[in-house]
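> Dropping a structure here in structure tokens format, bear with me for questions.
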Amino acid sequence: MSAKKRVELFYDVVSPYSWFAFEVLCRYRASGSWNINLQLRPFFLGGVMQGSGNKPPASVPNKAAYMSKDLMRLREFLNIPLNQPANFVEAVLVKGSLQAMRFVTAVDMQQPDKTEALSRELWMRIWSRDEDITQPDSFLEAGKKAGLSDAVIKDALGRIKNQEVKDKLKETTQEALDHMAFGAPIIVAHVESGPELIFGSDRFDILARLLGEEWKGPLPKMAKAKL
């Protein structure tokens, strides 16, 4: 078998489209449908938006109206239990995700095998159950549901404000910007011709072609997948 191709997913749990890309890529990895080495790269979307000069889609009325319908269509197509927060502006634009992404980063630095489960649980909180993702108690609950030990959760909570964690999140965010990121999710496929950036969660057929794989739709061999 040929060597696995490296695929990086730069994401932020405040982004519903990141959740879509995350689950589809995790399904393809878990099912063995694609021969890839998927690397989860938690970053801070706010930093990418600022660094690239972009604006949130919801800040443009027509885009916001479209996105609301689009999310519901994709929820059904991708089989992901997304429900929009009752107060989108407060949850996404006001509260944001900086502390959440620092928490994910702190865990990823110490126990990267738990990054997938923790990220999924934080998406479930904000984008399925309309729950908080900004407070320590919220991170504690998410960590427990993701299967983290009390020791790991306590350590990560204690390091959220540490410069090492802040710098790591900034570093990953800057890496995405260096790849010319302007939003989330960002998928970077490392192929023979060099790294190829794909934006969004609706270009999997293009990604498959770049990887020399077959796009089998959003639900490949679901028996082995998490969702």
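Read-outs throughout are calculated quantities, based only on the coordinates presented, and are distinct from any laboratory measurement. Since this is a predicted model, take the numbers as computed values, not measurements.
> Counting C-alpha atoms alone, how compact is segment 59-104: give Rg to one decimal and Dmax as a whole number, in angstrom.
Radius of gyration, then largest Cα-Cα span, for segment 59-104: 12.6, 33 Å.
> Given Cα pairs under 8 Å that are at least 6 residues apart, what percent is the relative contact order of the chain?
34 percent
> May I ask you to compute the full-extension gain from residue 3 to residue 213, defined as 0.36 nm times their residue separation minus their alpha-carbon distance, rounded to one decimal in nm?
74.3 nm is the gain from fully extending residue 3 to residue 213.
> So if I average 1/r over every pair of distinct C-alpha atoms in segment 48-132 and take the inverse, what Kirkwood radius in Å does that give?
Mean inverse Cα-Cα distance, inverted, gives 14.4 Å.
> At a Cα cut-off below 20 Å, give the aspartates and glutamates reachable from residue 4, other chains included and same-chain residues fewer than 8 away excluded.
List returned: 23, 113, 116, 192, 196, 205, 213, 214.
> Also: Given the Cα-Cα distance of residue 64 and residue 113 and 0.36 nm per residue of separation, how much length would full extension add, in nm? Mind dumping the intermediate values first?
Details: separation 49, 0.36 × 49 = 17.64 nm, distance 3.50 nm.
Difference between extended and current length: 14.1 nm.
> For segment 1-60, I need the span (max minus min coordinate) of the C-alpha atoms along each principal axis, in Å, sorted largest to smallest.
In descending order, the Cα extents are 46, 19, 15 Å.
> Follow-up. When the C-alpha atoms of segment 90-195 are aligned to their principal axes, what extent does each axis show, in angstrom, from largest down?
Between the extreme Cα coordinates on each principal axis of segment 90-195 lie 44, 30, 24 Å.
> Determine the shape class of segment 13-92: with a ≥ b ≥ c the square roots of the Cα gyration tensor eigenvalues, call it rounded for a/c under 1.5, and otherwise prolate if a/b is greater than b/c, oblate otherwise.
Oblate, because a/c is 1.5 or more while a/b does not exceed b/c.
> Give or take rounding to whole Å, what are the principal axis extents of the alpha carbon atoms in the chain, in descending order?
That works out to 43, 42, 36 Å along the principal axes.
> Taking a 27 Å limit on the Cα-Cα distance, which of the listed pairs 55/95; 145/166; 55/144; 170/216 fall beyond it?
Working: 55/95 16 Å; 145/166 24 Å; 55/144 34 Å; 170/216 35 Å.
Result: 55/144; 170/216 exceed 27 Å.
> On to the next question. Any chance you could list the semi-axes, whole Å, largest first, of the equivalent ellipsoid that the Cα gyration tensor gives for segment 129-170, using √(5λ)?
Ellipsoid semi-axes (Å, largest first): 19, 14, 8.
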